[in-house]
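The values are calculated or read from the model by the stated rules, or taken from the named source; none is laboratory data. Given the structure is predicted, the values throughout are model-derived calculations rather than measurements. Here the Cβ positions follow ideal geometry from the backbone for every residue, glycine too, while neighbour counts run over all protein chains shown. Keep in mind that these areas ignore ligands, DNA and RNA; they rest on the heavy atoms of the full protein, side chains included. Shrake-Rupley method; radii C 1.70, N 1.55, O 1.52, S 1.80 Å.
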Amino acid sequence: MLRRRRKFLEEGYNCALCQDGTEETIEHLFISCSSSNCRWFVLGIFWNDAGNIFEKLSTAKQAFPFAFFMEVVMIGAWCIWKERNSLIFNGKAPKLSTWKNDFKLEVCSHLCRIKTSLHDSISS
Ligand SMILES: [Zn+2]
């Protein structure tokens, strides 16, 4: 495991998920990364290429058809972060199906914080 962590550290600050040589910034990892984009696509969230991160959030929120956009973004980003760390520290390859399952588990664990009236639309 130490060798794996060292490998990522020696490669600098590039994104571990897409491995296309792009520096891992917050915006890259959570918005423009091709690996993350697949996850957002599953959730029906599409990021605009233009603007800063706040403008991108605003534009994506306007296009999102449900009232719980930020909840989905926060849980989705959390799952991307955990997937990234699992790759770096445990050598577990990112997989969309695993990410989806993790996302569903996280949503279920947060249902108590979300209005009961939204539970059906969240579950779907
Ligand atoms: Zn990336």
**Asked** Per residue, how much accessible area does region 2-123 show when a 1.4 Å probe rolls over the protein heavy atoms, in square angstrom?
**Response** 64
**Fill in**
If R0 = 35 Å, then Y13 and H110, at their Cβ-Cβ distance, give a FRET efficiency to the nearest 0.05 of 0.70
**Request:** Would you list, by chain and number, the aspartates and glutamates whose Cα falls below 14 Å from the Cα of K61, excluding same-chain residues fewer than 8 positions away?
**Result:** E71
**Request:** Run down the lysines and flag those whose C-alpha is under 29 Å from the C-alpha of K92, throwing out any fewer than 8 positions away in its chain.
**Result:** K7, K82, K100, K104
**Message:** What's the ranking of 64-75, 34-45 by average number of surrounding C-beta atoms within 10 Å, highest first?
**Reply:** 34-45, 64-75
**Message:** Suppose we take every Cα in region 62-124 and form the convex hull; what volume per residue is that in Å³?
**Reply:** 93
**Message:** With N set to the number of residues, divide the alpha-carbon radius of gyration of the chain by 2.2 N^0.38 Å and report two decimals.
**Reply:** 1.13
**Item:** Charge context of R84, other residues only, Cβ under 11 angstrom, K/R +1, D/E -1
**Value:** 0
**Asked** When only Cα pairs under 8 Å and 6 or more residues apart are kept, what is the percent relative contact order across the chain?
**Response** 24
**Item:** Gaussian network model of the chain, springs between alpha carbon atoms under 10 Å - residue of K92, K82, K61 with greatest fluctuation
**Value:** K92
**Complete:** The percentage of the accessible area of the chain (probe 1.4 Å, all protein chains present) made up of carbon and sulfur atoms, to the nearest whole number, is 57
